[in-house]
Every structure is written in C-alpha cells, then in structure tokens.
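To start, the structure itself, in structure tokens.
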C-alpha cells in the first residue's frame, strides 16, 4: 500500500471497499485522542444509547455528537485519522466503563432462589428498564428524569445500593448463625 491519504470521512466512505478495509486495518491501531466529553459525564440515557448502538455504523454520528460535540456535518468532515483516533478513545472508554460496572455493581453474594428462577437473565432482556424502574420508584412518569441524570450519579447510587445489600446479607448470615446457637 502507498502512503495513507487523510481523506475526510465523507470522501473515505466513497472509496472502494478494499481500500476502506485496508485503511481500517491500519488505522484501528492509532493512538486514541481525548474526546471532549468523557463517557461517564454523559446522561444515563446517552450512555445506554452508546452501549446499545456502538457496533451500528449508522449510530456513529450520534455517538460522536455525545462524545465529541460534533454535528453530523462536522462528523463527515473529520479527517479519517482523527475519526479512528476518536473511535479508539470511545472504544477504550466504553470498555473501561463496562469493566467498572462489572467490578462495582455485581453483588458479592448470590441469591440461589433468584438464580433458580433465572431472575437476572429474564430481566436482562429488558435492558436498562428494570434499573430505571427501580430508581424511579416504579413511577413511569419519572423514567425520563432518571434517564436525564448524569451517568456517574446513577452509577454511584447503584454502587451504594449494592454495597448496602451486601452488608445486609452479611448481617443476615451473622444473625442466622447466632439464632441457631
């Protein structure tokens, strides 16, 4: 391959598929550059939209709008090297966010009855809805208010609830042991 031409994204998307594939293989290794917004600074609704649509090419202009404040026109005028460097940053931020959720929001104790009825699996099909419902106190009129909260605020509340539930489980185990003595 010759040297890389730094097309605008609009020009790049008009190139032959072989060239796009060749460029993509090379440019996916670019060093990430900072986005104007960090993913955890967005609202819960925006973060959920990014999570749900990240692999969808049609959603990229929207994702770049959230993460870097770009209009669709500005998005198409990005140089291909900047597009990939930002994509690498967004990818890394999303991976870190998902790892943080797994690490911090997964209960330390398992409820065997919950597992027997596949509670997590069944509710998991509904995406973020059970979380929004819980935070809204079951009031559908408050769902949008929850989705408009900053992600980090919701994350910290869910983390607090998880820690409190773990403490309560530990206390219940101690109480059960003391009652049987």
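Determine, for each peptide in 29-35, 8-14, 99-105, the mean count of other beta carbons within 10 angstrom over its residues, then list the peptides with the highest first. List each step's numbers first, then the result.
Working: 29-35: 13.4, 8-14: 15.1, 99-105: 11.6.
In decreasing order of mean packing, 29-35, 8-14, 99-105 become 8-14, 29-35, 99-105.
What percent of all Cα-Cα pairs in the range 9-105 falls into each 5 Å bin, going from 0 up to the bin containing the maximum distance?
Histogramming the range 9-105 at 5 Å steps yields 2, 13, 22, 26, 19, 10, 5, 2, 0 percent.
Give me the percent of Cα-Cα pairs in the chain that sit more than 28 Å apart, rounded to a whole number.
Roughly 42 percent, rounded to a whole number.
Distance between the C-alpha centers of the range 104-181 and the range 47-100? Whole Å please.
Taking the Cα centre of each part, the range 104-181 and the range 47-100 sit 29 Å apart.
What do you get for the angle between helix 17-27 and the principal long axis of the chain? Use alpha-carbon atoms, 0 to 90 degrees, nearest ten.
60
From a point 7 Å beyond the Cα of residue 126 in the direction of its Cβ, which residues of the range 136-175 have a backbone N at a distance under 14 Å?
136-141, 143
Helix 151-179 against the longest principal axis of the chain: what's the angle in degrees, Cα atoms only, rounded to the nearest 10?
The angle comes out at about 30 degrees.
To the nearest 10 degrees, how steeply does helix 80-105 sit against the main Cα axis of the chain, on a 0 to 90 scale?
Taking Cα atoms only, the helix is inclined about 10 degrees.
Return a whole-number percent for the relative contact order of the range 9-105, with Cα pairs under 8 Å and 6 or more residues apart as the contact set.
After rounding, I find 43 percent.
Explain nothing, just the number: relative contact order of the chain, from Cα pairs under 8 Å at least 6 residues apart, as a whole percent. Kindly include the intermediate steps, with their values, before the conclusion.
Numbers: 137 pairs, mean separation 53.8, N = 181.
Over the chain, the number comes to 30 percent.
Report, in deg cm²/dmol and to the nearest 500, the calculated mean residue ellipticity at 222 nm for the chain, where each DSSP H run with n ≥ 4 adds -39500 (n - 2.57) and the sum is divided by the residue count.
-19500 deg cm²/dmol
What span do the alpha-carbon atoms of the range 112-179 cover on each of the three principal axes, reported in whole Å from largest to smallest?
Over the range 112-179, Cα extents along the principal axes are 45, 26, 19 Å.
Readers should treat all values here as calculations from the given coordinates under stated rules, not as data from a laboratory. Treat the numbers as computed from the prediction; the structure is a model and nothing was measured. Neighbour counts run over all protein chains shown; Cβ positions are idealised from the backbone, glycine included.
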